[in-house]
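Worksheet: one structure, shown below.
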Amino acid sequence: MTRALPDELLKLPHRTDVPFSKLTTLGVGGNCRWLFEPTTEEEAQIFVRACVREDLPYRVLGGGSNLVILGDIEIPVLRLRFPAELQREGLKLKAPASFGHIRMAQGAASEGLGGMEYASGIPGTTGGALRMNAGAYGTELVDILDTFRFLNLDGEIVEKRPDPGEFKYRWSFLTAGYVGLSFTVKLAEGHRETIAAKVAENMGKRGSSQPLSKRNAGCIFKNPPGQSAGRLIDQCGLKGFRVGDAEVSPEHANFLINHGHATALEFAELMNTVRAKVSDVFGIELEPEVEIWP
Ligand SMILES: Cc1cc2nc3c(=O)[nH]c(=O)nc-3n(C[C@H](O)[C@H](O)[C@H](O)COP(=O)(O)OP(=O)(O)OC[C@H]3O[C@@H](n4cnc5c(N)ncnc54)[C@H](O)[C@@H]3O)c2cc1C
């Protein structure tokens, strides 16, 4: 992007030219030209309002665990860096959007609050979990969501309860431009040891079925209705199929892994090959579950 950024933005905490390999779990991608890292809601609001006023597109980044970045991003990227603190009030637990989702689940467990065990293996931030309505083992965030705060497309802070239709399978209405700021979940009184055991069990299940020792972005494709994307890819004989340093995981076919030096091009080629093969063999068009930038 050649246009200069307004001073108001440049006064906010920011860095330039940060490689996306350092900002995402997959470790693939180009350069993040402008990374804005507000430490307060007010700074985040200044960011959104300045971008809106200047008609400047921007993107929001959390822990980068659901992203495949296939090139440089020249427009401003917002990554919240709010103070990491959980607040408990009775059975409710509140976290800022930059808080780790797994850390929040662990925090709930150590408070003896049950209901967040599903999140124990889902990396990334609570902001990303809110946007994606993250879930596992039959529970998703909206099931326990009490209230959430966000910046709307005019940069105004809104706090509300979830309404029907606002959160669906791996989707929420907080799409491009909205910024989740925090949320509160409503949990249930439980026994610390039982909750901690469930958390450990969920983590263990993942360790035995997912290639967690290699960089990855979780499941790459959505499960088509009534089907498992991983099984379809496996039945095409693609486990272990490799383009350079990018590979269809031999452990879990819906995980594409980076052996260390995969390039964006290699990843794009691998994803295209998988989609084309599944389409040829089963006539099913796989949709990405990950978000692809740019
Ligand atoms: C090993 C592994 C296992 C996984 N298992 C699961 C699983 O079981 N279930 C599941 O649901 N997901 C899973 N995921 C995917 C991923 O962890 C989740 O989607 C996660 O919630 C994304 O959070 P993030 O902070 O990393 O978001 P990012 O990847 O940074 O961003 C994802 C999306 O959220 C948006 N976003 C991020 N922060 C905000 C914010 N504050 N406000 C508004 N929008 C925002 C981004 O713009 C983007 O659209 C897994 C990923 C990995 C690597």
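Where a number appears in this text, it was derived from the coordinates with a stated rule and is not lab data. This one's a predicted model, so the numbers in the text were calculated from it and none came from an experiment. Neighbour counts are summed over all protein chains in view; Cβ atoms, including those assigned to glycine, are modelled from backbone coordinates with ideal geometry.
Assorted remarks:
- Identity of the residue in the stretch 181-209, buried (at least 17 other Cβ atoms within 10 Å of the Cβ) and β-branched (Val, Ile, Thr), that ends up nearest to Asp143 (Cα to Cα): Val185
- If you go through the stretch 30-68 and keep only what is on the phi > 0 side of the Ramachandran plot and within 12 Å of the ligand (Cβ to nearest atom), you end up with just Gly64.
- The set of residues in the stretch 271-294 that are in contact with a Gly (Cβ under 9 Å, 6 or more places away or on another chain), more than 12 Å from the ligand (Cβ to nearest atom) and among the charged types (D, E, K, R) contains only Lys277.
- Val179 meets the stated requirement of being over 25 Å from Pro225 (Cα atoms), under 16 Å from the mean Cα position of the chain (by Cα) and of a type outside the set (Asp, Glu).
- Scanning the stretch 142-155 for residues that are among the small types (Gly, Ala, Ser), free of Cβ contacts under 8 Å to residues at least 24 places away in the same chain and away from the ligand (no atom under 11 Å from the Cβ) turns up nothing.
- Residue ID - surrounded by the most Cβ atoms within 10 Å (Cβ to Cβ), chosen from residues in the stretch 93-103 that are touching a strand residue (DSSP E or B) at 6+ places or on another chain (Cβ under 9 Å) and free of Cβ contacts under 8 Å to residues at least 40 places away in the same chain: His101
- Odd one out for Leu93 among (1) farther than 23 Å from Glu156 by Cβ; (2) within 16 Å of the ligand (Cβ to nearest atom): (2)
- Residues that are farther than 30 Å from Asp55 by Cβ and either among the polar types (S, T, N, Q) or part of a helix (DSSP H, G or I) (or both), drawn from the stretch 156-187: Thr184
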